[in-house]
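The values are calculated or read from the model by the stated rules, or taken from the named source; none is laboratory data. The structure displayed is predicted, hence computed values, not measured ones. Note that we place each Cβ from the backbone using ideal geometry, even for glycine, and neighbour counts take in every protein chain shown.
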């Protein structure tokens, strides 16, 4: 016998499956859990998120290495866009920024 909770769980599973097929965000009612979109991150901030997820920022990196790595993964952005996003991540305290004493360049790494 199907209980109301079991039926609700089946409906939710079907809705989640439909949302994943379309790749769009689901519209949720108040109090309901929101479905997370599986769309790829966009722009320079999305590209930096990809590098972060890959562990690239586990060690300090300067802007030239970051730009090179972005080109390797097929993401081409102006250096000004990338550096502005790095500064914003630093302000949000997601990244640390340290000055390299030899080259006088900023090095960025993930805050742990």
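If you check 76, 108 for being modelled with pLDDT of 95 or more and in contact with a helix residue (DSSP H, G or I) (Cβ under 8 Å, 6 or more places away or on another chain), only one passes: 108. Here the condition is being farther than 16 Å from residue 50 by Cα, without any contact (Cβ under 8 Å) to a residue 40 or more places away in the chain and exposed (fewer than 13 other Cβ atoms within 10 Å of the Cβ); of 98, 73, it holds for 98 alone. The set of residues from region 76-93 being free of Cβ contacts under 8 Å to residues at least 24 places away in the same chain and surrounded by 15 or more Cβ atoms within 10 Å (Cβ to Cβ) comprises 83, 90.
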